[in-house]
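Working notes, structure below.
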Amino acid sequence: QVQLVESGGGLVQAGGSLRLSCAASGSIFSFNGMGWYRQAPGKLRELVAAINRGGPSNYAESVKGRFTISRDNAKNTWYLQMNSLKPEDTAVYYCAADRNYGPVVAGTAGSWGQGTQVTVSS
């Protein structure tokens, strides 16, 4: 079965940057949809960013202009570059992927990572 593993989380001061990576292994097929979600304590999981096979992407309003999602299809890996981080960005970040883009945006992606903690201090 497909395994997704995040890396790059950690603690950073407000205004700093982090780059998250998600590497997929196992089943070999092209993910049309790749994305990132986050969940803070007591809050619902929310979409942070998603990217379709051809490059078009979707971002949460709160991260537009600060975060950038990208993908390397040959490596089955995708990234979330997070700049100008704010304390409210603190959450567990999960990567997600699916053969189709729709399920990633909808939160019903077939594959999910284990999560990586991002903590932003003021």
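Quick check on the stretch 43-66. Is at least one of its residues within 20 Å of Thr108 (Cα to Cα) and in contact with a Cys (Cβ under 7 Å, 6 or more places away or on another chain)? No; the residues of the stretch 43-66 include none that is within 20 Å of Thr108 (Cα to Cα) and in contact with a Cys (Cβ under 7 Å, 6 or more places away or on another chain).
Is there a residue in the stretch 40-62 that is closer than 19 Å to Ser122 by Cα and surrounded by 15 or more Cβ atoms within 10 Å (Cβ to Cβ)? No, the stretch 40-62 has no match at all. In the set (1) under 15 Å from Thr77 (Cα atoms); (2) touching a Ser or Thr at 6+ places or on another chain (Cβ under 8 Å), Ala40 fails one condition alone, (1). Considering the stretch 19-122, the qualifying strands (runs of 3 or more DSSP E), each wholly inside and each with 2 or more residues that are under 22 Å from Gln3 (Cβ atoms) and either among the hydroxyl-bearing types (Ser, Thr, Tyr) or modelled with pLDDT of 95 or more (or both), run over 33-39, 46-51, 67-72, 77-82, 91-98, 116-121.
For the stretch 17-39, filtering for residues that are of a type in the set (Phe, Trp, Tyr) and surrounded by fewer than 23 Cβ atoms within 10 Å (Cβ to Cβ) leaves 1. Please verify whether Leu4 is part of a strand (DSSP E or B), on the phi < 0 side of the Ramachandran plot and surrounded by fewer than 16 Cβ atoms within 10 Å (Cβ to Cβ), treating the condition exactly as stated. Answer is no for this residue. When the criteria are applied in full, Leu20 meets the requirement of being among the aliphatic types (A, V, I, L, M) and in contact with a Gly (Cβ under 7 Å, 6 or more places away or on another chain). Per the conditions (1) crowded, with 19+ Cβ neighbours inside 10 Å; (2) free of Cβ contacts under 8 Å to residues at least 60 places away in the same chain; (3) among the charged types (D, E, K, R), the sole criterion not satisfied by Asp98 is (2).
The values are calculated or read from the model by the stated rules, or taken from the named source; none is laboratory data. Values in this document were obtained by computation on a predicted structure and should not be read as measured data. Don't worry about glycine lacking a Cβ; one is built from the backbone with ideal geometry, like all the others, and counts go over all protein chains shown.
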